[in-house]
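These notes concern the structure reproduced below.
The values are calculated or read from the model by the stated rules, or taken from the named source; none is laboratory data. If you're wondering where the values come from, they're calculated on a predicted model, not measured in any experiment. Backbone-built Cβ (ideal geometry, glycine too); neighbour counts: all protein chains shown.
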């Protein structure tokens with residue numbers, strides 16, 4: 001084990017650290033080139049985010065950052081710490097550096113007032129040791145756009161490019177938001193998103209009389225002219241606009257044999273696709289094969305219990321219980337740090353006026369769980385009974401049943417943003 005005195009964590013400085021960060025990101029395979037002029041998009045991301053760096057012997061060997069963002073919880077916008085850019089060079093692996101960087105970033109987010117944090121993971125449960133719990137399944141379809149069951153005739157759209165990043169960001173802010181939807185707080189993040197694979201991507205969309213983009217899609221062509229054509233993201237304000245975007249995709253079917261699309265919230269996409277079973281059999285083994293799959297690729301954790309509980313206004317009989325909460329992040333923080341995670345004993349009420357207070361109340365049933373499991377319960381990822389079987393949560397059966405009936409009112413959360 002390398003001596004801890006060789007490791008230092010500090011704030012990222014764009015002028016001083018940009019080249020060194022690019023070098024590390026290229027070294028781990030995130031980038032093909034470490035030339036600054038070929039990575040303007042990443043520079044925009046650094047400018048719009050707050051990053052920490054990990055040094056070994058005064059050399060930058062790791063990064064992590066967070067993007068100021070928001071998350072929709074039953075129609076209320078909560079401040080989200082969107083964790084990104086967790087990269088450790090081959091030289092600094094297995095030194096606990098990533099854990100310390102993420103814990104410090106979480107601490108900054110908590111002290112800043114963020115209600116919760118989310119991230120995209122590269123493997124199931126990888127960030128459990130920092131208090132994150134796995135989010136819901138997202139359904140991803142690959143299909144022949146000729147089989148879309150939409151009959152509307154779309155208007156001729158406007159071609160959108162990376163230069164439209166500010167207007168596209170506004171379309172994100174004003175899009176229809178479902179439970180769990182995350183939204184970038186700074187337009188520079190969208191600028192970065194549009195810069196990735198710039199040569200292979202483009203947008204199609206529509207504006208209103210005020211020149212606002214009301215609905216659009218960003219498309220990435222990874223392979224040849226026949227696809228699959230990847231719909232990187234959609235924004236729209238109502239169902240009619242969504243159908244118009246699908247009709248645009250259908251118009252591509254004379255050349256594009258396959259489209260990849262993530263299922264939007266509140267819609268069962270197979271209702272809008274003809275002959276899915278036949279497509280699956282006929283295209284088996286093809287580069288353009290019909291496919292539907294489920295992926296749980298994001299994780300979430302609560303940072304501010306009071307803010308998160310106050311957002312949970314749930315119709316139905318109130319349920320009160322004591323909560324003994326553990327938080328694995330504390331082992332990555334120093335004893336003198338101002339924020340030590342969320343471990344402790346609390347009295348919780350869930351219902352129309354949900355609340356949380358420190359300390360147990362006499363006579364209430366007790367739930368014991370990690371912040372990982374509690375975050376999943378609060379967001380509505382799984383029922384309390386399911387979490388008691390597969391996660392670290394224990395409570396009396398009558399409490400699990402009552403909470404299950406109450407929390408069943410939560411829609412399935414979807415993140416809708418890959419940051």
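Side notes on the structure shown:
- Any hit, region 68-91, residues being in contact with a strand residue (DSSP E or B) (Cβ under 6 Å, 6 or more places away or on another chain), without any contact (Cβ under 8 Å) to a residue 40 or more places away in the chain, assigned by TED's automatic domain parsing to the domain that holds residue 39 and buried (at least 20 other Cβ atoms within 10 Å of the Cβ): yes
- Hey, residue 110 over 16 Å from residue 6 (Cβ atoms), modelled with pLDDT of 95 or more and part of a helix (DSSP H, G or I) or not: yes
- Any hit, region 344-352, residues being closer than 25 Å to residue 77 by Cα, surrounded by fewer than 16 Cβ atoms within 10 Å (Cβ to Cβ) and in contact with a strand residue (DSSP E or B) (Cβ under 7 Å, 6 or more places away or on another chain): yes
- With respect to the conditions (1) assigned to a helix (DSSP H, G or I); (2) in the same structural domain as residue 25 (by TED's automatic domain parsing), residue 129 falls short on a single one, namely (2).
- Checking 114, 144 one by one, the residue that is crowded, with 22+ Cβ neighbours inside 10 Å and farther than 30 Å from residue 325 by Cα is 144 and no other.
- Subset of region 361-419 [part of a strand (DSSP E or B), within 17 Å of residue 116 (Cβ to Cβ) and free of Cβ contacts under 8 Å to residues at least 60 places away in the same chain]: 369
- Note on region 235-258: residues that are part of a helix (DSSP H, G or I) and under 29 Å from the mean Cα position of the chain (by Cα) total 12.
- Filter pass, residue 30 being at pLDDT 90 or above, in a loop (DSSP other than H, G, I, E, B) and within 24 Å of residue 184 (Cα to Cα): yes
- Qualifying residue in region 219-230 (condition: closer than 13 Å to residue 160 by Cα and either modelled with pLDDT of 95 or more or in the same structural domain as residue 183 (by TED's automatic domain parsing) (or both)): yes
- Of the strands (runs of 3 or more DSSP E) that lie entirely inside region 153-221, those containing 3 or more residues that are farther than 24 Å from residue 39 by Cα span 201-207, 213-221.
- Reported count of residues in region 279-313, each being in contact with a helix residue (DSSP H, G or I) (Cβ under 7 Å, 6 or more places away or on another chain) and either without any contact (Cβ under 8 Å) to a residue 12 or more places away in the chain or farther than 30 Å from residue 108 by Cα (or both), is 2.
- The numbered conditions (1) modelled with pLDDT of 95 or more; (2) in a loop (DSSP other than H, G, I, E, B) are all true for residue 286 except (1).
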